[in-house]
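Notes follow once the structure below has been shown.
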Amino acid sequence: MTLAIARTQPETVAAPGIPAVAGAALRVPLVTGGDIGYANLDHAASAPCLDAVRRAVDEFLPWYASVHRGAGFASQVSTKLYERTRDVLRRFTGARQTDTVVFTRNTTDSFNLLARSLPRHTTVIVFDTEHHAALLPWQGPNVRRLPTPRTRLAAVSAVDEALADSPQGPRLVVVTGASNVTGELLPVAEIAAVARKHGARVALDAAQLAPHRPISIRELDVDYVALSGHKLYAPFGAGALIGRADWLRAARPYLAGGGATKLVTEDAVVWNSGPERHEAGSPNTVGVYALGVACETLSKSWDAVVAHEQALLARLRKGLEAIPGCAELRLFDAPVDRVGTVSFVVDGFDPGWLAAVLSAEYGIGVRDGAFCAHIAAKRLIGVAGGDGQQAVRVSLGLGSTEEHVDRVVLALRQIVARGARWEYTKVDGRWAPAGDPRELPPFC
């Protein structure tokens with residue numbers, strides 16, 4: 001794919017009803033000279049900021065102030081927006097009225113908070129192919145990791161058997177909504193039904209599901225949902241844990257400090273019992289507000305969002321199928337519903353090298369590696385016939401267009417057929433163009 005071909009490809013306008021994102025007109029330099037519109041195909045790592053979020057944050061920033069304890073008018077405004085966002089998150093996740101909303105930094109933070117809040121001797125059951133945010137917080141002899149079976153039915157049966165074999169007492173099943181490696185949807189409702197049969201609770205990792213599909217805690221019958229703003233087009237450092245209040249209310253505060261306390265004396269501390277119990281310190285008010293705006297914006301557009309992404313996903317998978325030596329990673333043997341994430345290996349090509357060439361010569365941003373899901377990636381790469389422990393991941397979202405999909409497919413075809421046009425070397429363990437002439441923006 002020459003620069004001339006790349007630059008004459010028409011940009012496809014996003015479908016009507018799709019929220020616009022910042023950076024849609026971003027152009028990036030190519031190592032071969034000139035520049036090109038950036039094809040952001042790395043939404044699963046961090047999604048771009050919604051234009052609606054950027055405008056809302058710009059409007060709010062002059063009013064930004066401390067929350068909860070300020071008498072000033074700006075503090076009252078900030079507190080109002082901060083607390084109102086709890087209701088926004090309840091609506092966005094279809095939560096019960098009694099569910100609490102604790103603001104965190106991200107999904108990882110949310111699950112670490114939940115892990116710290118479990119009653120003693122809680123049995124935790126989790127598939128070992130989970131994203132690290134949902135895999136690593138649970139430690140100790142009461143944690144049971146299950147290998148993910150090759151069918152959805154077998155996954156449900158595995159949870160059923162594990163719960164039947166687990167000791168009586170509090171039990172928690174942790175499951176992802178959509179795999180961050182393959183995009184495949186897990187049978188969450190079916191797993192929750194099995195958990196209910198055994199008196200267990202369910203924690204849903206919605207980091208990769210929430211940006212792509214509507215969620216309902218009540219309909220899925222789960223107990224907790226964790227999500228991240230930076231995946232939800234609100235990259236301002238906020239996330240949330242939404243769910244049943246009793247375990248969180250009974251747990252020691254996640255952090256000790258101001259905001260978590262009701263009263264401090266020389267001899268004792270009385271901690272808050274609401275969500276503030278786990279939100280010590282000055283909260284990320286701007287990030288929380290941005291997260292709420294993103295959720296409200298997506299909630300108005302789900303039909304268009306899903307249709308847009310599914311059309312692009314079908315186009316992408318069809319294109320990848322035609323590339324010699326390209327093998328897609330899959331959790332399940334049979335086709336299942338999935339969000340717009342595809343990971344693959346190409347026989348004879350280092351994934352990190354491929355990603356570097358796509359970026360430097362074609363202006364395409366993808367992810368390479370094991371995607372913070374090392375066990376899953378290693379296992380699925382082996383099933384796909386790869387000889388390493390890394391893959392390439394293309395992840396679609398609101399910033400993706402037909403031209404982006406066509407560009408990455410054409411680029412891969414040409415790289416497989418003719419190789420790269422530039423020399424590449426490893427710098428600090430990662431592939432990069434040798435003698436890269438491109439300059440970073442002035443603010444770097």
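Tell me, what % of the accessible area of the chain is carbon and sulfur with a 1.4 angstrom probe?
Carbon plus sulfur share of accessible area: 53 percent.
Show the residues, 5+ positions off or on another chain, whose built amide H is closer than 5 Å to the amide H of residue 172.
123, 124, 125, 201
Can you run phi through the Karplus equation (6.51, -1.76, 1.60; θ = phi - 60°) for region 291-303 and list ³J(HN,Hα) in whole Hz, with x for Gly and Pro?
Once rounded to whole Hz, the list reads 4, x, 5, 4, 5, 5, 5, 5, 4, 8, 10, 4, 4.
Between residue 128 and residue 307, what length comes free when the chain is fully extended (0.36 nm per residue of separation minus the Cα-Cα distance, one decimal in nm)?
So the extension gain works out to 61.3 nm.
Leaving out ligands and nucleic acids, note down the accessible area per residue over region 232-357 with a 1.4 angstrom probe, in whole Å².
42 Å²
Find how many whole Å separate the alpha carbon centroid of region 36-91 from the alpha carbon centroid of region 260-312.
That distance is 10 Å.
Here are labelled values, (1) 0.95; (2) 1.67; (3) 1.02, and one is the computed Cα Rg over 2.2 N^0.38 Å for what I pasted. Which one?
Evaluating Cα Rg over 2.2 N^0.38 Å on these atoms matches (3).
Would you mind computing, in nm to one decimal, how far apart the modelled labels at residue 96 and residue 164 are, each placed 7 Å from Cα along Cα→Cβ?
My value for the distance between the label points is 2.7 nm.
Mind checking which of 42, 333, 406 has the largest fluctuation in a GNM of the chain, springs on alpha carbons under 10 Å?
In this elastic network of the chain, the residue with the biggest mean-square fluctuation among 42, 333, 406 is 333.
So if we plug the beta-carbon distance of residue 256 and residue 61 into 1/(1 + (r/R0)^6) with R0 = 45 Å, what FRET efficiency do we get, rounded to 0.05?
FRET efficiency, residue 256 to residue 61: 0.90.
Round to the nearest 0.05 the FRET efficiency obtained for residue 337 and residue 154 when R0 = 22 Å and r is the Cβ-Cβ distance.
0.80
Which whole-Hz couplings ³J(HN,Hα) result when phi for each residue of region 419-429 is put into the Karplus expression 6.51 cos²θ - 1.76 cosθ + 1.60, θ = phi - 60°, listed in order with x for Gly and Pro?
Coupling constants for region 419-429: x, 8, 9, 10, 7, 10, 9, 8, 10, 6, x Hz.
In a shell of Cβ-Cβ distance under 13 Å around residue 347, excluding residue 347 itself, what net charge do Lys and Arg (+1) and Asp and Glu (-1) give?
-3
For 372, 326, 444, 295, what's the largest-to-smallest order of accessible area, 1.4 Å probe?
Sorted by accessible area, descending: 444, 372, 326, 295.
Given 0.36 nm per residue, what is the gain on full extension from residue 197 to residue 378 after removing their alpha carbon distance, in nm?
61.8 nm
Taking only C-alpha pairs under 8 Å that are 6+ residues apart, what is the relative contact order of region 355-444 in percent?
The normalised contact order for region 355-444 reaches 26 percent.
How much accessible surface area, in Å² rounded to 10, belongs to the heavy atoms of residue 247 with a 1.4 Å probe?
The accessible area of residue 247 comes to roughly 30 Å².
Using only helices, what value at 222 nm comes out for the chain when you add -39,500 (n - 2.57) per DSSP H run of length 4 or more and divide by the total residues, to the nearest 500 deg cm²/dmol?
-11000 deg cm²/dmol
Using 0.36 nm per residue of separation minus the Cα-Cα distance, give me the extension gain between residue 32 and residue 347 in nm, one decimal.
110.8 nm
Hey, what did the chain get for relative contact order, percent, Cα under 8 Å, at least 6 apart?
23 percent.
Please report the relative contact order for region 47-179, taking Cα pairs under 8 Å with a sequence separation of at least 6, and give it as a percent rounded to a whole number.
So the answer I get is 19 percent.
At what distance in nm do the modelled label points of residue 421 and residue 216 sit from each other, each positioned 7 Å from its Cα along Cα→Cβ?
Inter-label distance under the simple model: 5.1 nm.
Taking 7 Å along the Cα-to-C-beta vector as the label spot, tell me the residue 314-residue 264 distance in nanometres, rounded to one decimal.
The answer from the label model is 5.9 nm.
In the neighborhood of residue 188, defined by Cβ-to-Cβ distances under 14 Å, what is the net charge if each Lys or Arg adds +1 and each Asp or Glu adds -1?
Within the 14 Å Cβ shell, the charges total -2.
Given the options 235, 411, 206, identify the residue whose Cα lies farthest towards the positive end of the charge dipole of the chain (+1 on Cβ of Lys, Arg; -1 on Cβ of Asp, Glu).
Checking the options against the dipole of the chain, the answer is 206.
The values are calculated or read from the model by the stated rules, or taken from the named source; none is laboratory data. Quick caveat: nothing in here was measured; it's all calculated off a predicted structure. For neighbour counting, all protein chains shown are included, and Cβ atoms are generated from backbone atoms with ideal geometry for every residue, glycine included. When the accessible area is computed, the model is the full protein with side chains, heavy atoms only, and any ligands, DNA or RNA have been set aside. Shrake-Rupley method; radii C 1.70, N 1.55, O 1.52, S 1.80 Å.
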